[in-house]
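Here's the structure we're looking at; comments come further down.
The values are calculated or read from the model by the stated rules, or taken from the named source; none is laboratory data. Being a predicted model, the structure only gives us computed values, none of them experimental. Using ideal geometry, Cβ is built from the backbone for each residue, glycine included, and neighbour counts are taken over all protein chains shown. To get the accessible areas, we keep the full protein, side chains included, count just its heavy atoms, and leave off ligands, DNA and RNA. Shrake-Rupley method; radii C 1.70, N 1.55, O 1.52, S 1.80 Å.
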Amino acid sequence: MIRTNFTKIFGQEHFQVVQGRYYWRDLEPQKGVYDFSEIEADLAYLAQNGKRLVAQISERRFNSPILPVPDYLINDPIYGGGYLAGEKESIARVWDPDVLARLQALEAALGARFDAEPYFEATNVAEAAL
């Protein structure tokens, strides 16, 4: 699904980059199996309009019953449940070395896929606090 809110910057020369948010659980539906189709669609749409993409990889959710991490992190005991739930939010256990290694693997896969894409500017993650 193309983000229609991206069109708000079309025709505005002072805006060259758009940030799109992509959830970890959507990008890695199975351990080591990646689905970058949403990013690819957004990137193609933005590139047609001369805009660049920064992909924010979100490993947290606020006010949502949907968990932020792939199911394999939740189900495999090595990852300690994969996430921590607060009162209205949940966040990946990025302080756990095994969970962090999987997030780093996702970032490496993103780099391998999009490094040569001229309209793919960068990735980022949100701050680490709940």
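Grab the other residues whose beta carbon is less than 15 angstrom from that of A101, score K and R as +1, D and E as -1, and report the net. Provide the component values of the computation, followed by the final result.
Values: positive: K31, R93, R102; negative: E28, E59, D76, D96, D98, E107.
Charge balance near A101 sits at -3.
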Exercise. Under a point-charge model restricted to the Cβ atoms of Lys and Arg (+1) and Asp and Glu (-1), what is the dipole moment magnitude of the chain relative to its Cα centre, in debye to the nearest 20?
Worked result: 300
Exercise. What FRET efficiency do you get for D76 and Q56 if R0 is 35 Å and r is their Cβ-Cβ distance, rounded to the nearest 0.05?
Worked result: 0.85
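By the scheme Lys and Arg +1, Asp and Glu -1, what is the net charge of all other residues having a beta-carbon under 15 Å from that of S64?
Neighbourhood net charge equals +1.
Rolling a 1.4 angstrom probe over the protein heavy atoms, how many square angstrom per residue are accessible across the chain?
Details: 7270 Å² over 130 residues.
Spelled out: the 1.4 Å probe surface of the chain, per residue, equals 56 Å².
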Problem set entry | Residue-averaged 222 nm ellipticity for the chain, from DSSP H runs of 4+ at -39500 (n - 2.57), nearest 500 | -8500 deg cm²/dmol
Exercise. Stretched out fully, how many nm does the piece from Q48 to Q30 gain, at 0.36 nm a residue minus the Cα gap?
Worked result: 3.4 nm
Exercise. With every protein chain in place, what's the accessible area of R113 (1.4 Å probe, Å², nearest 10)?
Worked result: 80
Exercise. Any idea how far apart A122 and A101 come out in nm if each label point goes 7 Å out from Cα toward Cβ?
Worked result: 2.8
Problem set entry | Inter-site label distance for A85 and S37 at 7 Å from Cα along Cβ, in nm | 2.9
